[in-house]
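Structure record follows, encoded as structure tokens.
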Amino acid sequence: MQCRSSEELMSFVQEAKTMTQYGKVANYIPALGKAHPNDLAIAIQYPDGISFSAGDIQKRFTLQSISKVISLALVLMDRGSEYVFERVGMEPTGDPFNSIAKLETMAPSKPLNPMINAGALVVTHMLVGQSVEDRFQRLLTFTQELANDTTIGYCKDVAQSEFETAHLNRSLSYFLKQHQIIDEDVEELIDLYTKQCAIEMNTLNLARVGMIFAMDGNDPLTGKQLMSADVARICKTFMVTCGMYNASGEFAIKIGIPAKSGVSGGIMGAVPCKFGVGVFGPSLDEKGNSIAGVHLLESLSKTYHLSMF
Ligand code: GLU
């Protein structure tokens, strides 16, 4: 049984929307604080080309931490998994996404995984190219390919707003530099990272990216293999173990699909071999996940038996 109409999706949105009042929009990046807390949207992209969407689907939002999955896929393709995992680990942390704690207590002080900020900064550092512009352009082009949409760009306001306030991410980067995990100029890395996080799309774009991961790196609609099945498998595994911040265990039990969320309120899901899903709801719970978005995915998972476990 699967969802086969936008009306069906709309009833899930209406039910979940009542949850938006219990969360808060992220405002530690000032530009994100302008989001409307009651917005909620979902899109599903099937590999046969059919898609359904409901709610505030015209809204575009920045990927924030969802971009970490895309940069990881590109870096794994460019550098190979051995190189990448010499510099970033594979273990969940249980700490908040921006925590510096484990970096100091672990030896060697490489970040525990690529989904927390410290690990994501190391991954962004590994993006190949001659300059920040060049590296960002490669990442953007890859994102456009995954979404099959060349109009995707980044939000300059959000990038600038994060660049001006990313003191904690600068601290993490200086720590990593001190311990020779990275060796580039920290301002350049933060410039690249904040542009990466500010890549902007709508829920249908996000569902399409999720579908590529769900289909083991293949785009069945263009016939292109955009990443190897192995790279897609590694990314999906991280989405299960650490994609939903320190609520990843609860999400795996209640919903049971590989997913990655971001503080803008986006969630990208990849239901293996079935479909991709994109959600946007900027009102966040205390762990940083879209409060209504998670509720929506839980209803969907229960109704259509989506859990892979
Ligand atoms: N750009 C955000 C940061 O590094 C991403 C955080 C997130 O979405 O988890 O603070």
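The values are calculated or read from the model by the stated rules, or taken from the named source; none is laboratory data. This is a predicted model, so every value here is computed, not measured. Because the Cβ atoms are built from the backbone with ideal geometry, glycine has one as well, and the counts that use them run over all protein chains shown.
Every condition in (1) at pLDDT 95 or above; (2) closer than 25 Å to Leu103 by Cβ holds for Gln178 except the one numbered (1).
Examine segment 146-153 for a residue that is over 18 Å from the mean Cα position of the chain (by Cα), at pLDDT 95 or above and surrounded by fewer than 21 Cβ atoms within 10 Å (Cβ to Cβ), and state whether such a residue exists. Yes, segment 146-153 contains at least one residue that is over 18 Å from the mean Cα position of the chain (by Cα), at pLDDT 95 or above and surrounded by fewer than 21 Cβ atoms within 10 Å (Cβ to Cβ). Every condition in (1) among the hydroxyl-bearing types (Ser, Thr, Tyr); (2) part of a loop (DSSP other than H, G, I, E, B); (3) more than 16 Å from the ligand (Cβ to nearest atom) is met by Tyr83 except one, and the failing one is (2).
Table: residues versus (1) in contact with a helix residue (DSSP H, G or I) (Cβ under 8 Å, 6 or more places away or on another chain); (2) of a type in the set (A, V, I, L, M, F, W, C).
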{"residue": "Met268", "(1), (2)": "yes, yes"}
{"residue": "Gly278", "(1), (2)": "yes, no"}
{"residue": "Gly288", "(1), (2)": "yes, no"}
{"residue": "Ile291", "(1), (2)": "yes, yes"}
{"residue": "Val294", "(1), (2)": "yes, yes"}
{"residue": "Glu298", "(1), (2)": "yes, no"}
{"residue": "His305", "(1), (2)": "no, no"}
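Condition check: of a type outside the set (Val, Ile, Thr) and surrounded by fewer than 18 Cβ atoms within 10 Å (Cβ to Cβ). Does Pro96 satisfy that? Against the criterion (of a type outside the set (Val, Ile, Thr) and surrounded by fewer than 18 Cβ atoms within 10 Å (Cβ to Cβ)), Pro96 qualifies. Taking segment 184-215, which residues are free of Cβ contacts under 8 Å to residues at least 24 places away in the same chain and either more than 29 Å from Ser171 (Cα to Cα) or away from the ligand (no atom under 16 Å from the Cβ) (or both)? Result: Asp185, single match. Scanning segment 47-54 for any residue that is part of a loop (DSSP other than H, G, I, E, B), in contact with a helix residue (DSSP H, G or I) (Cβ under 7 Å, 6 or more places away or on another chain), within 21 Å of Gly265 (Cβ to Cβ) and aromatic (Phe, Trp, Tyr) turns up nothing.
Can you tell me which residue within segment 45-73, out of those that are among the hydrophobic types (A, V, I, L, M, F, W, C) and under 16 Å from the mean Cα position of the chain (by Cα), is nearest to Ile199 (Cα to Cα)? Applying the filter and picking the extreme gives Leu63. Close Cβ contacts (under 8 Å, 6 or more residues apart or on different chains) running from residues in segment 1-17 that are over 15 Å from Lys302 (Cβ atoms) to residues that are surrounded by 12 or more Cβ atoms within 10 Å (Cβ to Cβ) and of a type in the set (S, T, N, Q) comprise Ser6/Ser53; Lys17/Asn38.
Scanning segment 1-28 for residues that are within 13 Å of Gly265 (Cα to Cα), of a type in the set (Val, Ile, Thr) and either away from the ligand (no atom under 16 Å from the Cβ) or touching an Asp or Glu at 6+ places or on another chain (Cβ under 6 Å) (or both) gives a single hit, Thr20. The criterion of being modelled with pLDDT of 95 or more and not acidic (Asp, Glu) holds for Phe85. Screening segment 238-267 for residues that are within 12 Å of the ligand (Cβ to nearest atom) and of a type outside the set (Gly, Ala, Ser) and picking the one that is surrounded by the fewest Cβ atoms within 10 Å (Cβ to Cβ) gives Asn246. Among the residues of segment 65-78, is any away from the ligand (no atom under 14 Å from the Cβ) and assigned to a loop (DSSP other than H, G, I, E, B)? No, segment 65-78 has no match at all.
Of Ser131, Ser173, all but one fail to be free of Cβ contacts under 8 Å to residues at least 60 places away in the same chain and surrounded by fewer than 22 Cβ atoms within 10 Å (Cβ to Cβ); the exception is Ser131.
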